[in-house]
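Here is the structure we will look at, set down as structure tokens.
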Amino acid sequence: MTDRTVVANQRAISAPSTAAGRWQLGWRAVGILAVLAAIGLDTYFRRYEGSSWHLIYVWTATLFAGLLVLALTRRLLVATVFVTGLVTIIVHAAAAKHQAMNMSVHAYDLFFYLSSVSNLSFLWESYRAELLLLLAALLGFAAMLAAAYLMDATRVRRAVAVPLMLAFAVLTGLSATMKGERRHTQQYWEDLVVSTFYSSVPETIETLWRGQLIEAANAAPGPLFSVPAGCGATRKPPHIILIHQESVVPPEYFPGLQYDPRMNTMFRSGDGTLRKMRVETYGGASWLTEFSVLAGVSTYSFGGMRPFVQSLMAGRVHDTLPQALARCGYRNTVVYPLDRNFVSNGKFYTAAGMPEIFDRKAQGAKTGNERDHFYFGTALNLLSEHVRKSDQPLFAYVITMAAHGPYLKPYLPELDVPGGAAGTHPEMHEYLRRLSMARMDLEGFKRELKTRFPGEPILLVQYGDHQPIATRHYLGFGNVRFAEDVAITKDSPGFLTYYSVEGINFDMPRLPDVDVLDVPYLSTVMLQAAGVPLSESYRERRRLLDHCQGRYDSCADPNKILSFHRRLIDSGLMDAR
């Protein structure tokens, strides 16, 4: 080989390298881009991600993600493009999901929707445009990362990047602790979406590590549960009206509170007894109580995923309360005060066995918090039409809204109804006014049921879904504004509401004799009160009710509950993966 040949070959090799170098960005250009990206992110975070520890958390988590990429690639431009693109995709995906489902984006969404052909089919059929936009954004994101990798001439030593990454991992954990737990309604807010997504990453990892959404034993003794094909009842069961009394709690739980004593009658069962029920949320997040009532399991068993149980478990829970009733010929309906797609409730109701949803639009409601007699009127008309046309029993799940907060201004101020005595906190006074209206509306509803349907047996069940935020002043939390900031333990009086059961035109069996009933058992109590034969899973719930003395999540023998969950999963009654 001649010297001329060697020189020619060297030129051929060096030419592409020189051309590539012209397109590469050095420290100065990359540094300017990184500063501009940081300014843009900071502007967004300060506007939409809160302040104080919340802002520190979202920044430390973002920098940790960027430093992780930096440690892997050693390229500053790649890390800058990654965190900027990540935040951009989170924000736009959250906006799209809010518009479609009234929920923010969650880290588990990726696994949840990609792990099932049916879930992917649902997205493709229902949200095809949004799905295609997301795929295009992800492809564009990948292309930008690849381009940044090729253009980035910077190199950061891992000896520098790794310690910084570990330091920010610690800072992220500390700031997460200082900002406090994510509020249980935060997934439904339209801001804080980036910090909400970041907070969902650890619980998603925990869920994937556990291998299932719900806590359960690794194995459980006893046979698998089977679901009967039919009902097995020897007589036609009664119509059932289940009233979800929004934000309602007996005021007699608070010693020293002075109010109209006639209010106490609202909370008594048919035998005159006040029965306490322990729920799993305070001041809001009614869907948690709804899930436990309809599915018969505790939301606590889902760990950090519990705020999303309705959306995650829609179609994954079987032998629900409505499904058990449907086997006995019930027509299942929901009288719902809001739009049916609020926090994806409509999808969960339908999957749980209640396909007929009379939402705000169907009822012709002017607002989302009509007085209770409006929803009771819908139920009365529904029952009247039903008994005229059908011999089926009817199950109507009626959800009220008038007692819902806030309580900063009077609800229907033109009505002169009793509130609290002099000295009552203004919010509690307003709450008691609304409770007076609720009592009058409920009494009127009962009169109408007895007058209009004298020959129809009716089981009337009602429960309080959670305490109103107005009770925080009487629980020692008068210095906080939001329900999520009321830090109470599971055994706190703040989780106590009530349930009542009354038989109209028929004699009920005796109700369980426990001091406090945990909310997952209410469906079992209701089925027994109606005389509906219990399936094997509900017979096990009834046994657990006695064994745990009315407790579920806090049962003194927690292995019994975990074994029950395992049997539900192994029997195909719960798809928790």
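Among the residues examined, residue 394 does not qualify as under 18 Å from residue 354 (Cα atoms), surrounded by fewer than 22 Cβ atoms within 10 Å (Cβ to Cβ) and in contact with a His (Cβ under 8 Å, 6 or more places away or on another chain).
Note on segment 61-81: residues that are surrounded by fewer than 22 Cβ atoms within 10 Å (Cβ to Cβ) and of a type in the set (S, T, N, Q) total 1. Among residues of segment 363-391 being over 28 Å from the mean Cα position of the chain (by Cα) and hydroxyl-bearing (Ser, Thr, Tyr), the one that is surrounded by the fewest Cβ atoms within 10 Å (Cβ to Cβ) is 390. Taken over segment 498-516, the criterion of being surrounded by fewer than 16 Cβ atoms within 10 Å (Cβ to Cβ) and either outside the structural domain of residue 266 (by TED's automatic domain parsing) or closer than 14 Å to residue 237 by Cα (or both) is satisfied by 505, 506, 507, 509. Against the definition (touching a Gly at 6+ places or on another chain (Cβ under 7 Å) and in a loop (DSSP other than H, G, I, E, B)), how does residue 514 come out, yes or no? Against the criterion (touching a Gly at 6+ places or on another chain (Cβ under 7 Å) and in a loop (DSSP other than H, G, I, E, B)), residue 514 qualifies.
So which of 572, 531, 503 is under 25 Å from the mean Cα position of the chain (by Cα) and small (Gly, Ala, Ser)? One residue alone meets the criteria, 572. Just the residues that are surrounded by fewer than 20 Cβ atoms within 10 Å (Cβ to Cβ) and over 18 Å from residue 99 (Cα atoms), please, taken from segment 328-347. Of everything in segment 328-347, those that are surrounded by fewer than 20 Cβ atoms within 10 Å (Cβ to Cβ) and over 18 Å from residue 99 (Cα atoms) turn out to be 329, 331.
Among the residues of segment 531-560, those that are under 28 Å from residue 237 (Cβ atoms) and assigned to a helix (DSSP H, G or I) comprise 536, 537, 538, 539, 540, 541, 542, 543, 544, 545, 546, 547.
To keep it simple, each residue is scored yes or no on (1) farther than 10 Å from residue 470 by Cβ; (2) modelled with pLDDT of 95 or more; (3) exposed (fewer than 15 other Cβ atoms within 10 Å of the Cβ); (4) not assigned by TED's automatic domain parsing to the domain that holds residue 504.
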site: 406; (1), (2), (3), (4): no, no, yes, no
site: 411; (1), (2), (3), (4): yes, no, no, no
site: 414; (1), (2), (3), (4): yes, no, yes, no
site: 419; (1), (2), (3), (4): yes, no, no, no
site: 422; (1), (2), (3), (4): yes, no, yes, no
site: 428; (1), (2), (3), (4): no, no, no, no
site: 432; (1), (2), (3), (4): no, yes, no, no
site: 440; (1), (2), (3), (4): yes, yes, no, no
site: 445; (1), (2), (3), (4): yes, yes, no, no
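Could we say that residue 356 is farther than 30 Å from residue 574 by Cα, at pLDDT 90 or above, surrounded by fewer than 20 Cβ atoms within 10 Å (Cβ to Cβ) and of a type in the set (Asp, Glu) here? So residue 356 does not fit the description; no. Based on what the data block shows, is residue 295 at pLDDT 90 or above and touching a Lys or Arg at 6+ places or on another chain (Cβ under 7 Å)? It is false that residue 295 is at pLDDT 90 or above and touching a Lys or Arg at 6+ places or on another chain (Cβ under 7 Å). Considering 120, 110, 134, 171, the condition of being modelled with pLDDT of 90 or more and either in the same structural domain as residue 57 (by TED's automatic domain parsing) or outside any helix (DSSP H, G or I) (or both) is satisfied by 171 alone. Of everything listed in (1) in contact (Cβ under 8 Å) with a residue 60 or more places away in the chain; (2) in contact with a Pro (Cβ under 7 Å, 6 or more places away or on another chain), the single unmet condition for residue 430 is (1). Here the condition is being crowded, with 23+ Cβ neighbours inside 10 Å and touching a residue at least 40 places away in the same chain (Cβ under 8 Å); of 298, 286, 269, it holds for 298 alone. Exactly one condition in (1) buried (at least 19 other Cβ atoms within 10 Å of the Cβ); (2) free of Cβ contacts under 8 Å to residues at least 60 places away in the same chain; (3) over 11 Å from the mean Cα position of the chain (by Cα) is false for residue 350; which is it? Here residue 350 clears every test but (1). With respect to the stated conditions, residue 52 is at positive phi and either under 27 Å from the mean Cα position of the chain (by Cα) or surrounded by fewer than 23 Cβ atoms within 10 Å (Cβ to Cβ) (or both). A count restricted to segment 450-466 and to residues that are in contact (Cβ under 8 Å) with a residue 40 or more places away in the chain and over 21 Å from residue 401 (Cα atoms) stands at 9.
The values are calculated or read from the model by the stated rules, or taken from the named source; none is laboratory data. Predicted model only: the values in this text are computed from it and were never measured. As a convention, Cβ positions derive from the backbone with ideal geometry for all residues, glycine included, and neighbour counts pool all protein chains shown.
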